[in-house]
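S.K.: Just dropping this structure here.
The values are calculated or read from the model by the stated rules, or taken from the named source; none is laboratory data. Source: prediction; values computed, not measured. Don't worry about glycine lacking a Cβ; one is built from the backbone with ideal geometry, like all the others, and counts go over all protein chains shown.
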Amino acid sequence: MRPIDDSPIVRDGNACILAMDHGLEHGPVDFEEVPEKLDPATVFETATHDAVTCIAVQKGIAEGYYPSYEDDVNLLVKLNGTSNLWMGEPDSSLNCSVEYAAEIGADAVGFTLYGGSNNEVEMAEEFREIHEAAREYDLPVVMWSYPRGQGLKNDTKPGTISYATRLALELGADIAKVKYPGSADAMEHAVQCAGDMKVVMSGGSKTDDLDFLSTVEAVIAAGGNGLAVGRNVWQRENPERLLDALEKVIYEEETADAALEA
Amino acid sequence: MRPIDDSPIVRDGNACILAMDHGLEHGPVDFEEVPEKLDPATVFETATHDAVTCIAVQKGIAEGYYPSYEDDVNLLVKLNGTSNLWMGEPDSSLNCSVEYAAEIGADAVGFTLYGGSNNEVEMAEEFREIHEAAREYDLPVVMWSYPRGQGLKNDTKPGTISYATRLALELGADIAKVKYPGSADAMEHAVQCAGDMKVVMSGGSKTDDLDFLSTVEAVIAAGGNGLAVGRNVWQRENPERLLDALEKVIYEEETADAALEA
Amino acid sequence: MRPIDDSPIVRDGNACILAMDHGLEHGPVDFEEVPEKLDPATVFETATHDAVTCIAVQKGIAEGYYPSYEDDVNLLVKLNGTSNLWMGEPDSSLNCSVEYAAEIGADAVGFTLYGGSNNEVEMAEEFREIHEAAREYDLPVVMWSYPRGQGLKNDTKPGTISYATRLALELGADIAKVKYPGSADAMEHAVQCAGDMKVVMSGGSKTDDLDFLSTVEAVIAAGGNGLAVGRNVWQRENPERLLDALEKVIYEEETADAALEA
Amino acid sequence: MRPIDDSPIVRDGNACILAMDHGLEHGPVDFEEVPEKLDPATVFETATHDAVTCIAVQKGIAEGYYPSYEDDVNLLVKLNGTSNLWMGEPDSSLNCSVEYAAEIGADAVGFTLYGGSNNEVEMAEEFREIHEAAREYDLPVVMWSYPRGQGLKNDTKPGTISYATRLALELGADIAKVKYPGSADAMEHAVQCAGDMKVVMSGGSKTDDLDFLSTVEAVIAAGGNGLAVGRNVWQRENPERLLDALEKVIYEEETADAALEA
Amino acid sequence: MRPIDDSPIVRDGNACILAMDHGLEHGPVDFEEVPEKLDPATVFETATHDAVTCIAVQKGIAEGYYPSYEDDVNLLVKLNGTSNLWMGEPDSSLNCSVEYAAEIGADAVGFTLYGGSNNEVEMAEEFREIHEAAREYDLPVVMWSYPRGQGLKNDTKPGTISYATRLALELGADIAKVKYPGSADAMEHAVQCAGDMKVVMSGGSKTDDLDFLSTVEAVIAAGGNGLAVGRNVWQRENPERLLDALEKVIYEEETADAALEA
């Protein structure tokens, strides 16, 4: 953890990461209801909204589409990721080096760690390598800290999420992206476990506007630093309205209700 | 994915890759009916046809035969591949480095990824390495994107092929080579999943002229960019007539019927 | 083993390492009764006590908090460590390189070796690498020498602890950190097995002041060189009094009774 | 495959490799009837015969004995090999780097590939590395192409040997060393599968002079390029007579009968 | 194998290696009857005897004690070794690089190879690396050639020991250290299998003076080059007398009887 408040992926201490690596992680099925979003340009377009501090995509998408948006969007290259065709213990292949991410213009890098997987040790060692390389390029490191694997059935219980943020802090992440642990109290504890490191909530599957914003409001109230959101934004017909509201909740500490009414 | 329309392996935005690595992947049995084609020179000869944008061979064949054809043929070195004596989970050994491929004159490189294999993570990490090395040498990267392995019985169903093209896009390929998913609609979806990346159909086993060309016609109509063909060309007595027709279907958007009649 | 009496982590030949990597190794559960200690700054504060020769933390904590304490605290970066979500044979991922530890100001490095684990061979080879790198940076190496794994049920029996100190000596450690083998005699033998290498006792879970200090007194009497302590210090409301006493026992060879009375 | 007719290990387009790595591969038992041949100098002596284009030995033998014969013998360093104490799937450790082989005077290098073994992928990747290193040193590469392992019971059937020569060609070998497939027709097919690459027969266990020479005659007639022979030469009391005959059969296309009568 | 008669670890063509890595390989239990020998300085003291051509220790012991003896003792750094807490297939971790061994003053390096273990291939490849690095530093390489593992129950039968010496020769060792195969004839065969490479007997557990010396006498008579001895020397109250006798048997070809009487 290093101070990253001056990084372009942070705004007033908080962050809103628009993630779009679902084509790799889940497959085209995530786009079934919004087939036009299969065109990555549409999501980059959405990422130009002021609420979004950066877009998070895999290397191939970044190579192909970021050149057209580099003036208007900040780029987080997600360094690892695996298709859900994979049937082994949770694992994630390193698909991009930090060097290459920097070369194609990354402002930050992301990495998934499956704590508790039988591949945890190997993944943590890969994290060491990308972390230290990222320090050389002065790129903030966001850890998708997702305990998962043999013996970890319910991966959103409070103790798991608190462990997830602590793991990220101890291993050197600058921001931990974790699932919502189900309550504001549990989120507050997870944030406390993170020390001075930032914590953002993982958006999850698409839900109702107010429900979604209320959870974000709870994260901010708990001391969290925003969210990383994907389907909840780009699976909507018109994501603009939600992003306007998110901007208010994340950076201006408005309530979900007030933000939606505006 | 990077723009490759200026690459020699592309003609008017499309490509026709003449593949001849069957001696490695399937063994000499693929040449039983055309033993004279065991001599790679005969296939290089065929590759001089204008319809063919490049020949795809393994390193050893490239070393031995490309020097005589370098003025008339473009070379894609297939970097990995494994014999079918192999009885483990789908895997493919990396038989040639990008550096060496460039040294022997490659205009592009190819790589097989078996998504869903228990070796997927390792193969994807090898892909990262060859992809980033290929960028240094400015060589387009073609991914043979073939989901296969434990739990993936039918590897040509529409969802699998769409996932295959998306995987290739996300991981950084410039062209994905996939099997035909059985219908024009499915092919169109697979092409849509690929964004701006090119998609070519894998030729498969030898079929009747019209059937074969009609499928190619469907690929082009679906927005695909041509094909990679092997047995359907060099297992024929006289491949010239088929290549003449392919040229019309792939680059001039003629129908299969019209192309065959000409 | 090299002479390290001039190192800042040693005082009058002995050492008191304040360890705080429990958030990684055990999870936030270790902080349940003292939630304010989840803030690493509080433990760094404690480490400014003269009894403490260095603080031992993981890379992420060092990055985030050491810059504020570099004038008042000596830093030992623990190079490996694994969460207890891990369910495989005892193993520990290498989370920090020696190069990076040196860059962030380390005065020494630490490494856990699980002798007897099915991962022993691999861990010993990682130890070789960090040991030789540490020599280049002139950083003392502390081995957490913890025999553990298949077939090693009771890991504090005298023969195990003696083997643990000998292993550390043979492999090149400068200090071995081992569990207390249950008696002064056994501790003396473990120290004898270590030759000229220093041995410190691992503090273990929180106990009563006098019990704890009496064990430390026994370690010193047995020729040991102090202790590495975590929970027994920072899980206390006011660790100052205990540290005052520890200082007398470790560096001035006072008895536990006398030290507590002072 | 590159043109190697100018290499010292080739004479008039053909080759006769005197192999003596049996002490590693089979153990001292192969020398039971000729214990004096345990002294490698005796086999180097034999290799000075004009019929022999090079001797093939492991690194240790080359280091110890080649310096005395470097003016009279050409050296092929066999880079991998494993004792028959090994009870796992067919595998072969890489015992010598190309760099070191070149340093001790190698004129060529050799490598065993067990196609079909569960270690095939790993071995092929090792082959890639030694192949590309050998190109840098301009050393011809001979592949001991021996399909073997799980599911490959009879490893000399025609289809297997044809696949073996093709594998060698595709992967980049300059000469394939294969077992005799049992008939002249099968040998001819195996040679045809090899394209322009050279093929030599593996000598096998000791047989009668005429039988042995007749097989060599068949290999030459089938378009093969000679043989790699070990026991059939050095297990004989006086190998001179057989080598005289071999010279006639391999380089002068004499029949076995005529060669023996001379 | 290279000529090493000029090396400091050889005297008149023979060698007597005083080994003391038992603390690692067997644990402190080997010192139970001679606890004062837990202090490595005592064994270095013994190694100053003229009979001893070098001491063989692990890196940590060398670092700590060799600086005081570098004028009077030659140093062989044993590069690998594993505790007997290890319960897997025979294996040995590489605990020291050749570079570091050279840096701390090594005159030679040692390496254990367990031929026949399921780790044989991996160990042989590690041997390749240390062997070639040792050549760069001009350090003789001693192989502890110990066939062991699945299916190898009796590891001292004649055929096993002969294979062990041959393995060492083929792979490039300068001296093989093997167990005594039970008879002078078997030893002679093992020596013959080693060609010009030197063979020393492994001392084994402590026995009676005359028995021990008689075996050494047999080794010398069989053409062997001495021994590597540990417990038979340093487990004795006064090793001086035995070393005096060993000196006569190894370098002056005296009989055991004569040597003991002197």
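S.K.: Pairs please, first residue from the range B:227-245 and among the hydrophobic types (A, V, I, L, M, F, W, C), second anywhere and surrounded by 21 or more Cβ atoms within 10 Å (Cβ to Cβ) and in a loop (DSSP other than H, G, I, E, B), Cβ atoms under 8 Å, 6+ apart in sequence or on different chains.
M.R.: Close Cβ pairs (under 8 Å, with a partner that is surrounded by 21 or more Cβ atoms within 10 Å (Cβ to Cβ) and in a loop (DSSP other than H, G, I, E, B)) amount to B:L227/B:G203; B:A228/B:G203; B:V229/B:G203; B:V233/B:G203; B:V233/B:P239; B:W234/B:M20; B:L243/B:A51; B:L243/B:V52.
S.K.: Of all residues in the range C:50-66 being hydrophobic (A, V, I, L, M, F, W, C) and within 24 Å of C:E247 (Cα to Cα), which is farthest from the other protein chains (Cβ to nearest Cβ)?
M.R.: By that ranking, first place goes to C:A51.
S.K.: Does B:V43 fit the bill of being assigned to a loop (DSSP other than H, G, I, E, B) and closer than 24 Å to B:Y100 by Cβ?
M.R.: For B:V43, the condition - assigned to a loop (DSSP other than H, G, I, E, B) and closer than 24 Å to B:Y100 by Cβ - is not met.
S.K.: Can you tell me which residue in the range D:158-180 is nearest to the other protein chains (Cβ to nearest Cβ), limited to those that are among the small types (G, A, S) and not in a helix (DSSP H, G or I)?
M.R.: D:G172
S.K.: Of all residues in the range B:193-209, count the ones that are over 13 Å from the mean Cα position of the chain (by Cα) and modelled with pLDDT of 95 or more.
M.R.: 5
S.K.: Then there is this: Please go through the range B:121-131 and give me each residue that is more than 8 Å from chain A (Cβ to nearest Cβ) and of a type in the set (V, I, T), ordered by number.
M.R.: B:I130
S.K.: Read through the list (1) under 22 Å from C:A15 (Cβ atoms); (2) touching a strand residue (DSSP E or B) at 6+ places or on another chain (Cβ under 7 Å); (3) buried (at least 24 other Cβ atoms within 10 Å of the Cβ); (4) not charged (D, E, K, R), then give the number of the only condition that C:G116 fails.
M.R.: (1)
S.K.: Next up: Of everything in the range E:201-211, what is free of Cβ contacts under 8 Å to residues at least 40 places away in the same chain, in contact with a helix residue (DSSP H, G or I) (Cβ under 9 Å, 6 or more places away or on another chain) and surrounded by fewer than 23 Cβ atoms within 10 Å (Cβ to Cβ)? Give them in sequence order.
M.R.: E:G204, E:S205, E:K206, E:T207, E:D211, listed by residue number.
S.K.: Within the range C:35-49, does at least one residue satisfy the condition of being touching a helix residue (DSSP H, G or I) at 6+ places or on another chain (Cβ under 8 Å) and over 23 Å from A:A190 (Cβ atoms)?
M.R.: Scanning the range C:35-49, I find at least one residue that is touching a helix residue (DSSP H, G or I) at 6+ places or on another chain (Cβ under 8 Å) and over 23 Å from A:A190 (Cβ atoms), so the answer is yes.
S.K.: Among (1) more than 11 Å from A:V121 (Cα to Cα); (2) in a loop (DSSP other than H, G, I, E, B); (3) acidic (D, E); (4) in contact with a Phe, Trp or Tyr (Cβ under 9 Å, 6 or more places away or on another chain), there is one condition C:E99 misses while meeting the rest; what is its number?
M.R.: Answer for C:E99: the failing condition is (2).
S.K.: Does C:A173 qualify as being under 27 Å from C:A47 (Cα atoms), buried (at least 22 other Cβ atoms within 10 Å of the Cβ) and touching a strand residue (DSSP E or B) at 6+ places or on another chain (Cβ under 6 Å)?
M.R.: Yes: the conditions hold for C:A173.
S.K.: Could you check E:T112 against (1) free of Cβ contacts under 8 Å to residues at least 40 places away in the same chain; (2) more than 16 Å from the chain's Cα centre (by Cα) and say which number it fails?
M.R.: Among (1) free of Cβ contacts under 8 Å to residues at least 40 places away in the same chain; (2) more than 16 Å from the chain's Cα centre (by Cα), the lone unmet condition for E:T112 is (2).
S.K.: Among the basic types (K, R), surrounded by fewer than 23 Cβ atoms within 10 Å (Cβ to Cβ) and under 28 Å from B:E103 (Cβ atoms): which single residue out of D:R128, D:R166 fits that description?
M.R.: Of the residues listed, the single one that is among the basic types (K, R), surrounded by fewer than 23 Cβ atoms within 10 Å (Cβ to Cβ) and under 28 Å from B:E103 (Cβ atoms) is D:R128.
S.K.: Going through the range B:13-38 one residue at a time, which ones are of a type outside the set (A, V, I, L, M, F, W, C) and within 12 Å of chain D (Cβ to nearest Cβ)?
M.R.: B:D21, B:H22, B:G23, B:E25, B:H26, B:G27, B:P28, B:D30, B:E32, B:P35, B:E36, B:K37
S.K.: To continue, here is another question. So B:A41 fits all but one of (1) over 24 Å from D:E120 (Cβ atoms); (2) crowded, with 20+ Cβ neighbours inside 10 Å; (3) within 10 Å of another protein chain (Cβ to nearest Cβ); (4) not β-branched (V, I, T); what number is the exception?
M.R.: B:A41 satisfies every listed condition except (2).
S.K.: If you go through the range E:67-88, how many residues are assigned to a loop (DSSP other than H, G, I, E, B) and at the interface with another protein chain (Cβ under 10 Å from one of its Cβ atoms)?
M.R.: Count: 8.
S.K.: Determine which single condition C:C96 fails, assuming it passes every other condition in (1) within 9 Å of chain A (Cβ to nearest Cβ); (2) touching a helix residue (DSSP H, G or I) at 6+ places or on another chain (Cβ under 8 Å); (3) more than 16 Å from C:E63 (Cα to Cα).
M.R.: (3)
S.K.: Applying the selection to the range C:101-113, what residues are within 11 Å of C:A134 (Cα to Cα) and either within 13 Å of chain A (Cβ to nearest Cβ) or among the polar types (S, T, N, Q) (or both)?
M.R.: The answer is C:A101, C:A102.
S.K.: Still on this structure, please answer the following. Could you tell me which residue of the range C:132-154 is surrounded by the fewest Cβ atoms within 10 Å (Cβ to Cβ), considering only residues that are at the interface with chain E (Cβ under 10 Å from one of its Cβ atoms) and in a loop (DSSP other than H, G, I, E, B)?
M.R.: Filtering first and then ranking leaves C:G151.
S.K.: Is there any pair with a first residue in the range C:168-179 that is on the phi > 0 side of the Ramachandran plot and a second that is part of a strand (DSSP E or B) whose Cβ atoms are under 6 Å apart and which are 6 or more apart or on different chains, and what are they?
M.R.: Final answer for the pair search is none.
S.K.: Surrounded by fewer than 22 Cβ atoms within 10 Å (Cβ to Cβ), closer than 28 Å to C:D196 by Cα and among the acidic types (D, E), is that true of C:D72?
M.R.: Considered against the rule, which asks whether it is surrounded by fewer than 22 Cβ atoms within 10 Å (Cβ to Cβ), closer than 28 Å to C:D196 by Cα and among the acidic types (D, E), C:D72 comes out as no.
S.K.: Now, a different point. So C:D5 ticks every box in (1) closer than 23 Å to A:T165 by Cβ; (2) surrounded by fewer than 24 Cβ atoms within 10 Å (Cβ to Cβ) but one. Which box is left unticked?
M.R.: The single condition C:D5 does not satisfy is (1).
S.K.: Moving on to the next point. Among the residues of the range A:103-117, which ones are of a type in the set (F, W, Y) and in a loop (DSSP other than H, G, I, E, B)?
M.R.: A:Y114
S.K.: Regarding the range A:47-69, can at least one residue be identified that is over 21 Å from B:R2 (Cα atoms), surrounded by fewer than 21 Cβ atoms within 10 Å (Cβ to Cβ) and of a type in the set (D, E)?
M.R.: Checked against the condition, which is being over 21 Å from B:R2 (Cα atoms), surrounded by fewer than 21 Cβ atoms within 10 Å (Cβ to Cβ) and of a type in the set (D, E), the range A:47-69 yields at least one hit.
S.K.: Another question, if that's okay. Please note which helices (runs of 4 or more DSSP H) are completely contained in the range E:192-262 and include at least 3 residues that are within 29 Å of E:V109 (Cβ to Cβ) and β-branched (V, I, T).
M.R.: Answer list for the range E:192-262: E:209-221.
S.K.: Considering only the range E:100-111, I want to know if a residue exists there that is surrounded by fewer than 24 Cβ atoms within 10 Å (Cβ to Cβ) and more than 29 Å from E:E63 (Cα to Cα).
M.R.: No, the range E:100-111 contains no residue that is surrounded by fewer than 24 Cβ atoms within 10 Å (Cβ to Cβ) and more than 29 Å from E:E63 (Cα to Cα).
S.K.: Go through the range B:11-26 and give me each residue that's surrounded by fewer than 23 Cβ atoms within 10 Å (Cβ to Cβ) and either modelled with pLDDT under 95 or not acidic (D, E) (or both).
M.R.: Matches in the range B:11-26: B:R11, B:G13, B:N14, B:H22, B:H26.
S.K.: Select from the range D:181-198 the residues that are more than 9 Å from chain B (Cβ to nearest Cβ) and under 8 Å from D:I161 (Cβ atoms) and write down the one among them that is surrounded by the most Cβ atoms within 10 Å (Cβ to Cβ).
M.R.: So, considering only residues that are more than 9 Å from chain B (Cβ to nearest Cβ) and under 8 Å from D:I161 (Cβ atoms), the one surrounded by the most Cβ atoms within 10 Å (Cβ to Cβ) is D:M187.
S.K.: How many residues does the range A:214-248 contain that are within 17 Å of the chain's Cα centre (by Cα) and closer than 19 Å to A:A47 by Cβ?
M.R.: Number satisfying all stated conditions: 15.
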